[in-house]
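The values are calculated or read from the model by the stated rules, or taken from the named source; none is laboratory data. In this text, all values refer to a predicted model and were calculated from it rather than measured experimentally. Here the Cβ is made from the backbone with ideal geometry for all residues, glycine too, and neighbour counts use every protein chain on show.
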Amino acid sequence: MVAILRNSEKGIPLFTVPEREEMLFEATRGFGNVSVTTFNGLLVTSPRTGSKAVLRGIRAISDYEYEFQMAMMNRKLDPELETLFMMPAEKYTYVSSRLIKGVFQLGGDVTALVLRWLSSD
């Protein structure tokens, strides 16, 4: 399951929640065991339909510090929920959604950064 937080505190997102749902649905269409859902509030209190783990990406130590705190709080609230961290290939460690949004909004080409996983490279 891929879960999208409906977070009103983050300001105006580049893509609406329905747009993000559609993009994730299209990206995971080939996997028979992946579903896309949305939730409000805390992840640990949302209906997870049997999820046992959360997968989070970290690029740098600063990401790890924040994600570690979040994982520990989630563990305190739900000791059954595990958090797994994944690191990107070194050549993508500088990439963040904030940077991609900024480049895109200023008319830059982000194709190689957001569609890379679709190619055979």
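Determine whether residue 31 is at pLDDT 85 or above, surrounded by 11 or more Cβ atoms within 10 Å (Cβ to Cβ) and either closer than 16 Å to residue 5 by Cα or not basic (Lys, Arg) (or both). Write out each step before concluding.
On the way: at pLDDT 85 or above: yes; surrounded by 11 or more Cβ atoms within 10 Å (Cβ to Cβ): no; either closer than 16 Å to residue 5 by Cα or not basic (Lys, Arg) (or both): yes.
Judged against the criteria, residue 31 is not a match.
Can we say residue 67 is farther than 18 Å from residue 5 by Cα and acidic (Asp, Glu)? Reasoning before the result, please.
Values: farther than 18 Å from residue 5 by Cα: no; acidic (Asp, Glu): yes.
No.
Mind checking which pairs have a first residue in segment 1-23 that is closer than 16 Å to residue 101 by Cβ and a second that is among the small types (Gly, Ala, Ser), Cβ under 9 Å, 6 or more apart or different chains?
Every condition considered, the pairs that remain are 14/97.
Determine whether residue 6 is basic (Lys, Arg), within 15 Å of the chain's Cα centre (by Cα) and not assigned by TED's automatic domain parsing to the domain that holds residue 112.
Spelling it out, residue 6 is indeed basic (Lys, Arg), within 15 Å of the chain's Cα centre (by Cα) and not assigned by TED's automatic domain parsing to the domain that holds residue 112.
Any residue in segment 90-112 that is modelled with pLDDT of 85 or more sitting within a Cβ distance under 6 Å of a residue that is β-branched (Val, Ile, Thr) and not in a helix (DSSP H, G or I)? List the pairs, counting only those 6 or more apart or interchain.
Between residues of segment 90-112 that are modelled with pLDDT of 85 or more and residues that are β-branched (Val, Ile, Thr) and not in a helix (DSSP H, G or I), the close pairs are 100/110; 103/110; 104/110.
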